[in-house]
Structures are given as structure tokens and as C-alpha cells.
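Mind looking over this structure? Questions follow.
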Amino acid sequence: MLLEPYLHKNIAPGLVSRLTNRKAMESQRMDWKTWSPLQSAQTRDVCAHMTESERRTVALRGGLYGLWCAATFAIPISQAMVFRNPVTLTVAAILCSIHIIAIPFWLRSQRRFLCGTVWAKEQGVDPNDLRLFSCRPFGKQSDHTT
């Protein structure tokens, strides 16, 4: 950039640092379609190296999971709250139970999909070792005890 030395010294060092940070973020190829606030670093790496085809598949899977959540959790709960009768409450309880029971199967499917990407295969990422979330599961103690 022709004005870069001038910008660094005189005009806007904050602007230059923001532009530098933006370039660093773009180099990681983060995408809002694959980003999650609780995502582990390992999952973030896999998502950052996805091909366009894999990104489209992720978007489709995310949309279908959203429909699944609506059909087995959000809609039944809202209907049970609005129409308080035994049939609606029973259907909502059954669908919510099915949703909760299906969560481990969905997470296993996500691990298999992520480990099946081109980059993850090249890196030898194993579905059994892939952490999807940055937080620890309940009841697990850290390796470092104080």
C-alpha cells in the first residue's frame, strides 16, 4: 500500500491495527455459517478448512436441525402452553422426550460428518476424539487439580 508508512506514523494507527486484525481473521477463513460461540478450537479448525460443497452441506444440515428442533421442542412446548389440555400436554411431553433422547445421536452424526471432511481426513481427526464444544461436560473434572 502506497500510504501505509504514512498511516502508521501520522494518521490512524488504530485503523491500521484494525485492518491488520481483519486480514488475520480473513486468513482463518471463519464463516458465520459454521461459527458457534461454544465451538471448540478443534471444531473451528475443521470448519475453517471446509470446501464449498462441505459448507453447503453444513448449511443444509443446520437448517434441517432447526426444523427438527421446532417440530420436536419449540412448537410442542408453545402449543402446550397455549392450549392446556391433556392431549396437547402429552404430545408435547412425548415429542420433547424424543428430542432429548435424539441429542446424543445428532452429536455423533455431527462428529462423523466433521471428521469426514477432506481436511479432517488428511489430519487424521477421529470422531471419538473430536470435541464439539469448548466447555467441559457436566461431572468431568479437569486434569489440573488445585
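Which residues, taken from the stretch 70-105, are out of contact with any helix residue (DSSP H, G or I) (no Cβ under 7 Å at 6 or more places or on another chain), assigned to a helix (DSSP H, G or I) and not aliphatic (A, V, I, L, M)?
Result: Ser78, Pro86, Thr90, Ser97, Pro104, Phe105.
Please enumerate the residues belonging to the stretch 34-66 that are farther than 15 Å from Gln110 by Cα and either surrounded by fewer than 11 Cβ atoms within 10 Å (Cβ to Cβ) or among the basic types (Lys, Arg) (or both).
Across the stretch 34-66, the qualifying residues are Pro37, Ala41, Glu52, Ser53.
Going through the stretch 113-124 one residue at a time, which ones are over 16 Å from Gly62 (Cβ atoms) and part of a helix (DSSP H, G or I)?
Selection gives Cys115, Val118, Trp119, Ala120, Lys121, Glu122, Gln123.
Every residue, every condition in (1) modelled with pLDDT of 90 or more; (2) at negative phi; (3) not small (Gly, Ala, Ser), yes or no:
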{"site": "Glu4", "(1), (2), (3)": "no, yes, yes"}
{"site": "Leu15", "(1), (2), (3)": "no, yes, yes"}
{"site": "Arg18", "(1), (2), (3)": "no, yes, yes"}
{"site": "Ala24", "(1), (2), (3)": "no, yes, no"}
{"site": "Asp31", "(1), (2), (3)": "no, yes, yes"}
{"site": "Ser36", "(1), (2), (3)": "no, yes, no"}
{"site": "Ala59", "(1), (2), (3)": "yes, yes, no"}
{"site": "Tyr65", "(1), (2), (3)": "yes, yes, yes"}
{"site": "Ala71", "(1), (2), (3)": "yes, yes, no"}
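Turning to a different aspect of this structure: Can you confirm whether the stretch 71-80 contains a residue that is of a type in the set (Ser, Thr, Tyr) and under 17 Å from the mean Cα position of the chain (by Cα)?
no
Based on what the data block shows, is Ala93 surrounded by 11 or more Cβ atoms within 10 Å (Cβ to Cβ) and within 16 Å of Met50 (Cβ to Cβ)?
no
In addition: Out of the residues in the stretch 51-69 that are out of contact with any Lys or Arg (no Cβ under 8 Å at 6 or more places or on another chain) and hydrophobic (A, V, I, L, M, F, W, C), state the one that is farthest from Ile98 (Cα to Cα).
Among those residues, the one meeting the criterion is Leu60.
Scan the stretch 32-64 for residues that are part of a loop (DSSP other than H, G, I, E, B) and under 15 Å from Cys135 (Cα atoms) and jot them down.
Ser36, Pro37, Leu38, Ser40, listed by residue number.
The values are calculated or read from the model by the stated rules, or taken from the named source; none is laboratory data. Everything numeric in this text was worked out from a predicted model, so none of it was measured. All Cβ positions, glycine included, derive from the backbone under ideal geometry; neighbour counts span all protein chains shown.
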